[in-house]
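Step one of this worksheet: look at the structure below.
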Amino acid sequence: MGWVAAHRQTANVSHVSEDPRYIALRGSSLSEAAAIASELALPLEVAGQLLGVLNIEHNVPDAFNAEDVQVLEALADQVAVAIQNAANYQAEQARRQITERLYTVGMALSRTLDLKKILDLILAGLVDIVPYDRGSVMLEYGNQVVVVAEKGFPPGTQPLDVRVHIKEDDVFQELRRTQRPLLIPDVQQRADWHYVKNLSPARSWLGVPLVYQENVIGMLSLTREHPNPYTEDEKALAVTFASQAAMAVQNALLYENLATVNRELEKTVQQLSERTRDLQAAYQQLERLDRTKSGFINVASHELRTPLTVISGYNQMLLDDPQVKKNDTYFQIVAGIQSGIARMEVIVGSILDMAKIDSRVLQLHPEPLILSMLIQSVRASLVDVCVQRHLTLVLQGLEDLPVIEADTEAMRKAIYHLLVNALKYTPDGGSITVSGHALPPDGDEFPEGGVEIIVSDTGIGIDPSMRELIFTKFYQTGEVLIHSSGTTTFKGGGPGLGLAITRGIVEAHGGKIWAESPGHDEQACPGSHFHIVLPRVSRMLQHSAMSGFGASADA
Ligand code: ADP
């Protein structure tokens, strides 16, 4: 038969005992049962490819004649074709199976993030295509590889608990180094093989690295308990399945990262909402306190005004008394008391104004107002101070301003506070300019036009960080050192209400106020500019008594 396969020719041996090519199967039951006398062997070939040999034996010598040979040669050809067809069919079946398995795993990969489930599927799919006795997927954790999925391990062995310490030059190190599959035809040849207790010893082994972002993160381990080395085809198939396993691990890791980020995010959101709740509670508490304080201030200032009026009345009587008038010392004392009372009246008046603005009960009486006249009259009341402190107070371009509708007394207060501030925060010898211009009608803000008034000074200026804060009540930048000094002396004292009241009044008219200044510098004196814009006709005025203006948080 060997000769037939080598020569691809038919051999018709009439007396096998005389043919030197014949090897008797001594000791086999076959040769004992019937002594072979003649033999006919024919090559099985398809398209020039040898598939095997068809062998027929007889216990009679010279059993096959030429006709037999012809018939059997025809039969051998048919057998060869049948074998070839069967092999093709089998190969096709195997290919189909591989495609199906890959498809199933692919689908699972896109459907589920359950790593264990996918790895189990991969191991189950692989066993039909690359038969193995025990298969596992192991992932690297620290200096160990841990079994995360398995198939074929006998019951009771609990392979999922198995952790193998990575050692210098063991198979995992080798896979990690080469990043290629490792095929060991017979593990008994390897002295360093790690046998697991309670498991029948491995014989042939195939390990495929799981590569994620160019790093080996684990391996697919396939063990056969008998020496039946894996073929190159099987190796290639195992690599394909291993790459799917790596992908599943990658997805699971990404998902785990995402889940961790989500958990962190949820925690942060929760902390944030807790903090918001705390802040809200604190804010409500502050609002309550502010209301209480406003109420107290309101009552206190009302209570103060009554005795103040009485004192002022009696003091006026003293001033008018001829005896006092005659005595210069007495007169100076009583006049001093009178100026102190006047100052207190102004402060109590400001506190009352603020209380009204805070509680939204400021009554405004709109009437046509010529701003230039109003500003001139305020200026007139400050002329003495200007002379005393060598300050110039100039009015510019106010005559051309249109008449607006506003509450004259409220506006007087607003302008007064701005001018007094300009005097207060400008050193002696400086200048204050009040200018203004008309604002054209504009669709949104001032449909009927308006005016802008700017109070500029050559004073100490305002730090940019304070530009908003100065409009809150009781706010004073820096320390007011000389509270007892006059309201119009340089950096003289005040209750810190002027700008809050001014803003309250301006906003109640539907206008806006803001400050501009290059910065605060008491040496260089960069100056400040306070801008007020007011609508020509304020719609808000009609509802002003109840409208929500005010410099403080709307309580
Ligand atoms: P007060 O003048 O009583 O302190 P205001 O409400 O009128 O209160 O002003 C608040 C703060 O704004 C002042 O303490 C001052 O620091 C600052 N400020 C106001 N006007 C000016 C100005 N023209 N130049 C510089 N700083 C000013």
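The values are calculated or read from the model by the stated rules, or taken from the named source; none is laboratory data. All values derive from a computational prediction rather than experimental measurement. Quick reminder, even Gly has a Cβ in these numbers, built from the backbone with ideal geometry, and neighbours come from all protein chains shown. Surface accessibility is based on the protein's heavy atoms, side chains included, excluding ligands, DNA and RNA. Shrake-Rupley method; radii C 1.70, N 1.55, O 1.52, S 1.80 Å.
The table below gives the values:
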| item | result |
| --- | --- |
| Residue, nearest to the ligand (Cβ to nearest atom), within segment 456-474, restricted to residues that are charged (D, E, K, R) and out of contact with any strand residue (DSSP E or B) (no Cβ under 9 Å at 6 or more places or on another chain) | Lys473 |
| Residue match in segment 419-426 (condition: more than 13 Å from the ligand (Cβ to nearest atom) and either touching a Lys or Arg at 6+ places or on another chain (Cβ under 9 Å) or not in a helix (DSSP H, G or I) (or both)) | no |
| Total residues in segment 423-437, condition open to solvent by 20 Å² or more (accessible area, probe 1.4 Å) and over 13 Å from Lys491 (Cβ atoms) | 5 |
| Members of segment 175-196 found to be open to solvent by less than 70 Å² (accessible area, probe 1.4 Å) and aromatic (Phe, Trp, Tyr), listed by number | Trp193 |
| Single residue of segment 191-221 satisfying the filter (assigned to a strand (DSSP E or B) and without any contact (Cβ under 8 Å) to a residue 60 or more places away in the chain) that is nearest to the chain's Cα centre (by Cα) | Tyr212 |
| Residue within segment 19-38 that is in contact with a Pro (Cβ under 6 Å, 6 or more places away or on another chain), open to solvent by less than 90 Å² (accessible area, probe 1.4 Å) and free of Cβ contacts under 8 Å to residues at least 40 places away in the same chain present | yes |
| Total residues in segment 495-512, condition away from the ligand (no atom under 11 Å from the Cβ) and open to solvent by 20 Å² or more (accessible area, probe 1.4 Å) | 3 |
| Qualifying positions in segment 378-391 - free of Cβ contacts under 8 Å to residues at least 60 places away in the same chain and surrounded by 12 or more Cβ atoms within 10 Å (Cβ to Cβ) | Val378, Arg379, Ser381, Cys386, Gln388, Leu391 |
| Failed criterion for Val387 (all others in (1) under 30 Å from Leu318 (Cα atoms); (2) modelled with pLDDT under 90 hold) | (2) |
| Subset of segment 427-447 [in contact with a strand residue (DSSP E or B) (Cβ under 7 Å, 6 or more places away or on another chain), away from the ligand (no atom under 12 Å from the Cβ) and touching a residue at least 60 places away in the same chain (Cβ under 8 Å)] | Gly436, Leu439, Phe446 |
| Which listed residue is modelled with pLDDT of 90 or more, under 54 Å from the mean Cα position of the chain (by Cα) and open to solvent by less than 80 Å² (accessible area, probe 1.4 Å), from Ile341, Ile351, Ile337, Ile404 | Ile404 |
| Scan of segment 178-190 for residues that are touching a residue at least 40 places away in the same chain (Cβ under 8 Å) and either part of a strand (DSSP E or B) or among the hydroxyl-bearing types (Ser, Thr, Tyr) (or both), ordered by number | Leu183 |
| Test: residue in segment 36-55 that is hydroxyl-bearing (Ser, Thr, Tyr) and in contact with a strand residue (DSSP E or B) (Cβ under 8 Å, 6 or more places away or on another chain) | yes |
| Index of the failed condition, Ser484 passing every other in (1) more than 8 Å from the ligand (Cβ to nearest atom); (2) at pLDDT 70 or above | (2) |
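Listed here are the residues, each with its yes/no results for (1) within 25 Å of Leu115 (Cα to Cα); (2) open to solvent by 50 Å² or more (accessible area, probe 1.4 Å).
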position: Asn198; (1), (2): no, yes
position: Trp205; (1), (2): yes, no
position: Val208; (1), (2): yes, no
position: His226; (1), (2): no, yes
position: Ser243; (1), (2): yes, yes
position: Gln250; (1), (2): yes, yes
position: Lys267; (1), (2): no, yes
position: Gln271; (1), (2): no, yes
